[in-house]
Amino acid sequence: MNEGDETAFQCLFDFHWDTLYAFVYRLINDEDQTKDILQNVFLEVWNKKDTLLIDDSILPYLYKIAKNDVMSLFRRNKVRLDGNDILIRNLKRSSATDDRIIAKQLQDVIDLELEKMPFNVRQCFQLSKYEHKSIREIALELTLSEQTVKNNISEALRRLRFCLNDSSLGYLSVLIPFLLNLT
């Protein structure tokens, strides 16, 4: 797209239109204004195509432009305090929904990567992180040494970090400890 490839831009548009439409419509409940905002969002992306540098997912950038346009709309229409309260409530609600969607995407990537791991590595990891079993309990259950269990869990975490850094959700790899209840 940086080189002016309209097909790449069309793919970006087609891929993210529905998600952004739902997001903006939830905030303003107006179909025409929602379409206007989305047109502005994609127009801004196209206009900045030469200078736009995004290493990971472009979705957070699109959300940011859309949120700014929604707030500008509210300001232009001189929505008073009631409108601002509604906007703030809707932004908080939509942010929580976005967080759940991103967490689901992250969990899907983790699950896919776990399926690729050797049985013992995957089993040790799942027993530890999903069933909250201790190293000793896992070692007894799988008839492995405690050191082997520790090594398997470390290997699983290493593979997950590597996988997430390579995926479009790489910027979320900092959430692995929270998603997996690691401390």
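Coordinate-derived values only; no laboratory data. From a predicted model like this one, the values you see are computed outputs, not experimental measurements. Neighbour counts are summed over all protein chains in view; Cβ atoms, including those assigned to glycine, are modelled from backbone coordinates with ideal geometry.
Expressed as a fraction of 2.2 N^0.38 Å, the rule-of-thumb size for a compact globular protein of N residues, what is the C-alpha radius of gyration of the stretch 1-78?
Working: Rg = 12.7 Å, N = 78, 2.2 N^0.38 = 11.5 Å.
Expressed relative to 2.2 N^0.38 Å, the Cα Rg reads 1.10.
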Original post:
Simple spin-label model, 7 Å along Cα-to-Cβ: N120 to E141 in nm?
Top reply: 1.7 nm
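Filter K67/K104; K64/K104; K35/K64; K104/K133; K48/K116; K116/K150 down to the pairs with a C-alpha to C-alpha distance above 28 Å, please. All intermediate terms of the calculation are to be shown ahead of the outcome.
Numbers: K67/K104 22 Å; K64/K104 20 Å; K35/K64 16 Å; K104/K133 24 Å; K48/K116 39 Å; K116/K150 19 Å.
Pairs exceeding 28 Å: K48/K116.
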